[in-house]
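For reference, the structure discussed in these notes is given below.
The values are calculated or read from the model by the stated rules, or taken from the named source; none is laboratory data. These numbers were taken from a predicted model, which means no experiment stands behind them. When we count neighbours, we look across all protein chains shown, and the Cβ atoms used for this are built from the backbone with ideal geometry, even at glycine.
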Amino acid sequence: MQILIVDDEPQIRSSLEGLLRDEGYEVVSVESGEKGLRAIDEKRFEIVILDVLLPGMSGISVLEEIRRRYPWIRVFMISGKADIATAVKAIRLGAYDFFEKPINPERILLSLKNLSEYMALERRVESLSTLIERDYEIIGNSPAMRDLKVSISKAAPSEGRVLIFGENGTGKELVARAIHLGSSRKDRSFITLNCAAIPQSLIESELFGYERGAFTGAIKRKAGRFELADGGTLFLDEIGDLSLESQAKLLRVLEENEAMRVGGERPYKFDVRIISATNKNLKREIDEGRFREDLYYRLNVIPIEVPPLRERKSDIPELAEYFLSRICMRSGKGMKYWGDGAKEVLSLYEWPGNVRELRNFVERLIIMSNSEVITEEEVRRMIPESSNIVRKDEEIFSEEGFSFREIVQRFEKELLSREYDSVGRNVSKLARKLKMDRANLHRKLKSYGIK
């Protein structure tokens with residue numbers, strides 16, 4: 001660590017320099033507060049050992065200036081004529097520790113050791129936080145994903161309830177977390193409950209908690225998800241799988257902003273933002289009597305649709321690169337790389353399991369591949385048998401008797417036909433997706449009889 005000593009006594013500076021250098025620290029010393037601040041301007045220090053009584057600018061004033069301009073620097077205050085009031089003031093202003101002269105070498109070295117371990121822990125936490133945040137990144141720059149990110153940015157700062165629609169594996173929880181992280185509640189809890197994974201008989205106790213003795217096995221009070229999420233966000237995944245009875249209880253709780261633990265006598269208040277998600281068509285569920293219309297409108301203040309992967313195939317190479325990097329990093333077995341054409345083959349498959357299926361497929365490739373380069377052939381060999389697109393692609397290139405120009409035209413026709421259907425037969429959307437001139441694209445579609 002880089003340490004700056006600011007003291008007007010040459011003997012103190014000399015003894016501290018020798019002590020700290022013997023312990024492996026890099027040390028610079030100056031005799032005044034003004035020179036100390038200039039030294040910090042020129043070089044990044046992590047620790048400053050600062051005398052209280054200095055000629056010119058006082059040590060307390062220097063401490064205040066350091067805390068204002070360089071809040072990451074830890075300051076140790078030292079003084080030969082200190083009183084309790086000065087020490088208390090220094091600590092309140094942000095000093096890390098306070099030492100009296102003559103300085104006890106063992107005490108200052110112990111304090112530096114403890115600080116060094118604490119700073120290492122801070123860096124570790126920061127690194128892990130960055131890794132966790134990257135786990136929740138929303139990857140993709142297709143028009144559909146750009147629209148989704150705009151919706152998230154608008155919904156996040158509000159307190160409005162959000163209902164996320166999307167197929168299984170599209171990343172609905174990622175969207176919910178992104179909304180939470182963009183809100184004023186980002187530093188509070190993000191609590192989840194998968195309504196499809198909990199037996200309906202236990203949903204009420206999971207949501208609202210229970211008191212000791214409320215039922216057999218309830219040996220102590222348990223907080224429900226609403227209590228755990230107080231001040232933060234509660235994400236109710238697969239909300240369409242709640243029974244009508246549970247829907248009625250949830251509706252009452254949302255209307256009154258208070259809940260009662262199972263077996264309890266008094267309700268408790270909560271401050272929770274609700275984000276829900278479903279893979280079902282709730283309008284149809286309402287028509288068929290399986291979902292309450294009043295609950296639907298309570299939850300669906302801000303609707304957000306997450307597109308399936310087949311509608312944003314241009315994002316597949318970026319997703320594949322992201323998953324490869326993240327999975328290799330976590331495995332600790334070294335990095336692997338995509339060979340020529342490997343990522344492009346992934347775009348030929350429909351991915352009915354969406355992003356989740358793609359991630360699992362990339363992990364399978366990493367495990368099964370014997371070299372650090374994942375080849376196009378390996379991808380083709382392992383891609384699911386049901387992929388008729390891959391078979392069509394192989395047929396186009398394997399049939400004999402066609403010239404290079406004819407093969408290219410057949411492949412171009414197949415590609416344009418498939419992508420035209422994937423964007424709802426909208427020429428403008430297709431032009432943006434393929435980054436083609438709209439007039440040129442229109443001519444090609446017409447020449448191939450696609451439009």
Q: Looking for whichever is touching a residue at least 40 places away in the same chain (Cβ under 8 Å), surrounded by 17 or more Cβ atoms within 10 Å (Cβ to Cβ) and either small (Gly, Ala, Ser) or more than 30 Å from LEU250 (Cα to Cα) (or both) here; the options are LEU358, LEU295. Which one fits?
A: LEU358
Q. Which is buried (at least 21 other Cβ atoms within 10 Å of the Cβ), in contact with an Asp or Glu (Cβ under 8 Å, 6 or more places away or on another chain) and among the small types (Gly, Ala, Ser), of GLY171, GLY209?
A. GLY209
Q: Search the stretch 219-233 for residues being in a strand (DSSP E or B) and buried (at least 16 other Cβ atoms within 10 Å of the Cβ), and hand back the single one that is nearest to the chain's Cα centre (by Cα).
A: THR233
**Q.** the stretch 177-203 residues that are free of Cβ contacts under 8 Å to residues at least 24 places away in the same chain, paired with ones that are of a type outside the set (Phe, Trp, Tyr) and assigned to a helix (DSSP H, G or I) (beta carbon under 6 Å, 6 or more apart)
**A.** ILE198/GLU206
Q) Has the stretch 387-403 got any residue that is loosely packed, with under 12 Cβ neighbours inside 10 Å, at pLDDT 75 or above, farther than 21 Å from LYS451 by Cα and out of contact with any helix residue (DSSP H, G or I) (no Cβ under 6 Å at 6 or more places or on another chain)? A) no
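Being within 30 Å of ALA248 (Cβ to Cβ), polar (S, T, N, Q) and at pLDDT below 90 narrows it down to one residue among SER129, SER201, SER183; which is it? Give the derivation first.
Details: SER129 fails: within 30 Å of ALA248 (Cβ to Cβ); SER183 fails: at pLDDT below 90.
Answer to the selection: SER201.
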Q | Search result, residues across the stretch 234-265 that are in contact (Cβ under 8 Å) with a residue 12 or more places away in the chain, more than 29 Å from the chain's Cα centre (by Cα) and in a helix (DSSP H, G or I) | A | LEU244, GLU245, SER246, GLN247, ALA248, LYS249, LEU251, VAL253, GLU255
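Residue-by-condition table, conditions (1) modelled with pLDDT under 90; (2) in contact with a Lys or Arg (Cβ under 9 Å, 6 or more places away or on another chain); (3) among the acidic types (Asp, Glu):
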site: PRO143; (1), (2), (3): no, yes, no
site: PRO157; (1), (2), (3): no, no, no
site: ASP187; (1), (2), (3): yes, no, yes
site: PHE190; (1), (2), (3): no, yes, no
site: ALA214; (1), (2), (3): yes, yes, no
site: GLU227; (1), (2), (3): no, yes, yes
Q: Hey, could you check the stretch 413-451 for residues that are of a type in the set (D, E, K, R) and not in a helix (DSSP H, G or I) and say which is surrounded by the fewest Cβ atoms within 10 Å (Cβ to Cβ)?
A: LYS435
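This table checks each residue for (1) of a type outside the set (Val, Ile, Thr); (2) surrounded by 16 or more Cβ atoms within 10 Å (Cβ to Cβ).
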{"residue": "VAL27", "(1), (2)": "no, yes"}
{"residue": "LEU54", "(1), (2)": "yes, yes"}
{"residue": "ILE60", "(1), (2)": "no, yes"}
{"residue": "LEU109", "(1), (2)": "yes, no"}
Q: Name the helices (runs of 4 or more DSSP H) wholly inside the stretch 268-349 in which the number of residues that are of a type in the set (Gly, Ala, Ser) is 3 or more.
A: 316-331
Q.
Of the conditions (1) modelled with pLDDT of 90 or more; (2) part of a helix (DSSP H, G or I); (3) out of contact with any Gly (no Cβ under 9 Å at 6 or more places or on another chain); (4) small (Gly, Ala, Ser), ALA120 satisfies every one except a single condition; which number is it?
A. (1)
Q.
Residue under question is THR278, and the condition is that it be within 28 Å of the chain's Cα centre (by Cα) and under 20 Å from PRO199 (Cα atoms); does it hold?
A. yes
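Please verify whether ILE316 is touching a residue at least 24 places away in the same chain (Cβ under 8 Å), touching a strand residue (DSSP E or B) at 6+ places or on another chain (Cβ under 6 Å), crowded, with 20+ Cβ neighbours inside 10 Å and of a type in the set (Val, Ile, Thr), treating the condition exactly as stated.
Here the answer is no, as ILE316 does not meet what is asked.
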Q: List the helices (runs of 4 or more DSSP H) that sit entirely inside the stretch 1-94 and contain at least 2 residues that are more than 17 Å from LEU112 (Cβ to Cβ), under 44 Å from the mean Cα position of the chain (by Cα) and assigned by TED's automatic domain parsing to the domain that holds SER116.
A: 33-42, 59-69, 84-92
Q: Could you please find all residues in the stretch 10-67 being in contact with a Lys or Arg (Cβ under 6 Å, 6 or more places away or on another chain) and farther than 17 Å from PHE98 by Cα?
A: VAL27, SER29
Q | Filter result for ILE286 (under 28 Å from SER184 (Cα atoms) and of a type in the set (Val, Ile, Thr)) | A | no
Q: Being touching a helix residue (DSSP H, G or I) at 6+ places or on another chain (Cβ under 8 Å) and among the hydroxyl-bearing types (Ser, Thr, Tyr) is the filter; apply it to the stretch 202-259 and report the residue that is nearest to ASP271 (Cα to Cα).
A: THR233
Q) If you scan the stretch 350-385, which residues turn out to be of a type in the set (Asp, Glu), assigned to a helix (DSSP H, G or I) and in contact with a helix residue (DSSP H, G or I) (Cβ under 7 Å, 6 or more places away or on another chain)? A) GLU363, GLU376, GLU378
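State all residues of the stretch 1-22 that are touching a helix residue (DSSP H, G or I) at 6+ places or on another chain (Cβ under 9 Å) and under 23 Å from GLY80 (Cβ atoms); if no residue qualifies, say none.
Matches in the stretch 1-22: ILE3, LEU4, ILE5, VAL6, ASP7, SER15, LEU16, LEU19, LEU20.
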